[in-house]
Amino acid sequence: MWGGRFSSSPSALMEAINASIDFDKRLASQDIQGSIAHSAMLAKQGIIAESDRDAIHQGLQRVLGEIESGSFTFSTALEDIHMNVESRLREIVGDPAARLHTARSRNDQVATDTRLWVREAHDRTDEQLTILIRALLDKAEAHAATVMPGFTHLQSAQPVTFGHHLMAYVEMFGRDRGRFRDSRRRLNECPLGAGALAGTSFPIDRHMTAKALGFDGPTRNSLDTVSDRDSLLEFMAAASICAVHLSRLAEEIIIWMSAPFGFVRLPDRWTTGSSMMPQKRNPDAAELVRGKSGRVVGSLVSLLTVMKGLPLAYAKDTQEDKEPLFDAADTIEIVLAAMTGMIQDLEPVPERMAAVAGAGFSTATDLADWLVRSLDIPFRDAHHVTGRIVSEAEKRGCTLEELPLDAMQAVEPKIHQGIYDVLGVENSVRSRTSFGGTSPVRVAEQVAWWRERV
Ligand code: ARG
C-alpha cells in the first residue's frame, strides 16, 4: 500500500508486532460503513466519478458479505482491517477501488471506525443496564417490606428492608447508565476528514459524512481527532465503575448464600458443585462477576497507560487501544447478562433474614430515639443511657425486647412500658420514613420513581 518508498519488505518480526488484523477485524462492518459514506461524499463533491462510487459501493457490499459469511481470507501481511478490506475491494472492482482512499488517512479512518464501534457498545450496554434495573425493581417491589439486618462495617447496624437494599443497587446502575449516556453524547462527533493529522486540500464535506454515519457533526480539530481516544477511555471508565458495582452486588450474593447467612437461594443453573464435597453448591457465577471486574478495570488502566505520554498527533501506540476496548466491552456484556439472570432467579429467604434482623441489638438506635422523643432526653445523653441498657442485655444474654422493664429503669427511671413499641425490627423499619429511608412506603415510592425512568 505504500510500496513506492520502500525497497524491501518488512521482517517477519516487524510484521508480527505491526499487524492488528487478528483483533481489529471486529471493526469490519464499521470500516465498510465509513468507506461507503466517504466515497459517497467524494462523488457528491466531484472528487471521484459517480461510476467509481457505484463500483466501490457494490464491491464493499460484497466484501461485507464475504466477511459475514466467513469466506473472507484475512491477511497478516496487510496489517489491519482497513488494508484488508481495501485490498479485497481492489481485487473485486479493480481501478475504482484505488480512488477510495482519496482525502483520507488510516488515521482518521481508524478513529471513525472505533467511535462507531464504541457507540454500538454503548447502545448494547444501555439496553442491558435497563433490563438489569427492571429485574432489580421487580425484586425490590416484591420485597419492599421484607425485613433484613442492615450492616455497617459488616456488623449488625439497624434493620432495613431487602427491597431497600436492592434499590441501593438500582441507584448505582442508574448512575452508570447516566455515565454511559453522557459519554455517548460526547463521542458523537465524526473524525472522518481529519486526514493524517492536518486535514486535506480536497474540497470534502465533513458535515455530509458525519450525518451519513449518524454523528451530530464533525470533530473540530484534526490534530486532536487522530490522536484522541477519550471515547474509548470514557466507555471503559464507565464500564469499570459499573463492573465495580456488579462486583459488590456479586460479593453480597456470595455472602447471603453462605450457610451462616442463608438469606438467599440461587437455583442450580447459577451454581456448581464440588468434585469432592457432595454437599457443596458454589456461587461460581457471582464469583466470576466479581472476578471479571478486574479485567475491565485492567483494560482501562492499560489504555490510560498507553495514552499518557503520546505527543500529538497520531502514533502507532494507539493501535493498542482495541484489545482492551474489546475485552472490556465483552466482559461488561457477559457480567451484566449473568447478574441480570441471577437477580431474576434470586430467591430471598425472608424467615431467615427476619430471624437475625434483631441480632446485635440492632434496634438500639430506636431505643435512643424513643428516649429523645418520649422523655425529652438530649440525644447524646440518650445514646449513653442506651449504651448502658445494651450492656445490661448483653450481660444477661437477652435481646433488648426481652430485657425486663425494671432492668431498663435501673439505668433510667423515667423509662416506661411504651418503650417496647419501638424495639421490634418491624416497627423499626416502618418508622424510618424520612426521604430515602428504609420504610416499606418509601421503598415503594423509590420503585415507582425509577419505573418512570427506565
Ligand atoms: N491499524 C492502525 C491503528 O489501529 C491504523 C492506523 C495506521 N496508521 C498509520 N499511520 N500507520 O492505529
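The values are calculated or read from the model by the stated rules, or taken from the named source; none is laboratory data. Remember, predicted model here, so these are calculated numbers, not experimental data. In this analysis, Cβ positions are derived from the backbone assuming ideal geometry, glycine residues included, and neighbour counts consider all displayed protein chains. Surface accessibility is based on the protein's heavy atoms, side chains included, excluding ligands, DNA and RNA. Shrake-Rupley method; radii C 1.70, N 1.55, O 1.52, S 1.80 Å.
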Requested in this report: Mind listing whichever residues of the range 269-281 are free of Cβ contacts under 8 Å to residues at least 60 places away in the same chain and over 22 Å from MET353 (Cβ atoms)?
Outcome: THR272, GLY273, SER274, SER275, MET276, MET277, PRO278, GLN279, LYS280
Requested in this report: Tell me the helices (runs of 4 or more DSSP H) entirely within the range 400-454 that contain at least 1 residues that are closer than 30 Å to GLY178 by Cα and either β-branched (Val, Ile, Thr) or within 30 Å of the chain's Cα centre (by Cα) (or both).
Outcome: 440-451
Report summary line: Filtering the range 340-362 for residues that are β-branched (Val, Ile, Thr) and assigned to a loop (DSSP other than H, G, I, E, B) leaves a count of 1
Query raised in the report: Residues in the range 237-264 that are out of contact with any helix residue (DSSP H, G or I) (no Cβ under 7 Å at 6 or more places or on another chain) and either in contact (Cβ under 8 Å) with a residue 40 or more places away in the chain or open to solvent by 20 Å² or more (accessible area, probe 1.4 Å) (or both): how many?
Result: 7
Requested in this report: Name the single residue, out of those in the range 292-333 being within 13 Å of the ligand (Cβ to nearest atom) and among the hydroxyl-bearing types (Ser, Thr, Tyr), that is farthest from VAL244 (Cα to Cα).
Outcome: TYR314
Query raised in the report: Within the range 376-393, is even one residue assigned to a loop (DSSP other than H, G, I, E, B) and buried (at least 16 other Cβ atoms within 10 Å of the Cβ)?
Result: yes
Query - the range 283-294 residues that are touching a residue at least 24 places away in the same chain (Cβ under 8 Å), paired with ones that are of a type in the set (Asp, Glu) (beta carbon under 7 Å, 6 or more apart) - result: ARG290/GLU251
**Report entry** Single unsatisfied condition, THR365 versus (1) β-branched (Val, Ile, Thr); (2) in contact with a strand residue (DSSP E or B) (Cβ under 6 Å, 6 or more places away or on another chain); (3) not in a helix (DSSP H, G or I)
**Finding:** (3)
Requested in this report: Within the range 22-34, identify whether any single residue is more than 16 Å from the ligand (Cβ to nearest atom) and hydrophobic (A, V, I, L, M, F, W, C), and answer yes or no.
Outcome: no
Query - Members of the range 107-119 that are open to solvent by less than 10 Å² (accessible area, probe 1.4 Å) and more than 12 Å from the ligand (Cβ to nearest atom) - result: LEU116, VAL118
Requested in this report: Considering each residue of the range 138-166, count those that are touching a Leu at 6+ places or on another chain (Cβ under 8 Å) and in a helix (DSSP H, G or I), and give that number.
Outcome: 3
Report summary line: Within the range 62-86, of all residues that are in contact (Cβ under 8 Å) with a residue 12 or more places away in the chain and of a type in the set (S, T, N, Q), the one nearest to the ligand (Cβ to nearest atom) is ASN84
Report task. State whether one or more residues within the range 142-155 are at pLDDT below 95 and more than 13 Å from the chain's Cα centre (by Cα). Result -> yes
Report task. Please work out if LEU60 is among the hydrophobic types (A, V, I, L, M, F, W, C), open to solvent by less than 10 Å² (accessible area, probe 1.4 Å) and in a helix (DSSP H, G or I). Result -> yes
Report task. Name every residue in the range 145-204 that is open to solvent by 40 Å² or more (accessible area, probe 1.4 Å) and either basic (Lys, Arg) or within 16 Å of the ligand (Cβ to nearest atom) (or both), in order of residue number. Result -> ARG175, ARG179, ARG181, ARG184, ARG185, ARG186, ALA196, LEU197, ALA198, THR200
**Report entry** Test for GLU287: is it surrounded by fewer than 19 Cβ atoms within 10 Å (Cβ to Cβ), more than 19 Å from LEU187 (Cβ to Cβ) and within 16 Å of the ligand (Cβ to nearest atom)
**Finding:** no
Report task. Kindly indicate the residue of the range 87-106 that is buried (at least 22 other Cβ atoms within 10 Å of the Cβ) and within 27 Å of ALA329 (Cβ to Cβ) and also nearest to the ligand (Cβ to nearest atom) among those meeting that condition. Result -> ARG104
Query - Count of the range 308-335 residues which are open to solvent by 40 Å² or more (accessible area, probe 1.4 Å) and under 29 Å from GLY195 (Cβ atoms) - result: 10
Query raised in the report: Looking at (1) surrounded by fewer than 19 Cβ atoms within 10 Å (Cβ to Cβ); (2) at pLDDT below 95; (3) out of contact with any Leu (no Cβ under 7 Å at 6 or more places or on another chain), which is the only condition GLU401 fails?
Result: (3)
Report task. Tell me which residues, restricted to the range 122-144, are surrounded by 18 or more Cβ atoms within 10 Å (Cβ to Cβ) and closer than 30 Å to LEU400 by Cβ. Result -> ALA140, HIS143, ALA144
Requested in this report: Would you check if SER71 is open to solvent by 80 Å² or more (accessible area, probe 1.4 Å), assigned to a loop (DSSP other than H, G, I, E, B) and either farther than 15 Å from ARG106 by Cα or not small (Gly, Ala, Ser) (or both)?
Outcome: no
Query - When residues of the range 74-86 are limited to those that are of a type in the set (Asp, Glu) and closer than 17 Å to LYS316 by Cα, the one surrounded by the most Cβ atoms within 10 Å (Cβ to Cβ) - result: ASP80
Query - Residue check, LYS280 basic (Lys, Arg), in contact with a Gly (Cβ under 6 Å, 6 or more places away or on another chain) and either buried (at least 20 other Cβ atoms within 10 Å of the Cβ) or farther than 30 Å from ALA37 by Cα (or both) - result: yes
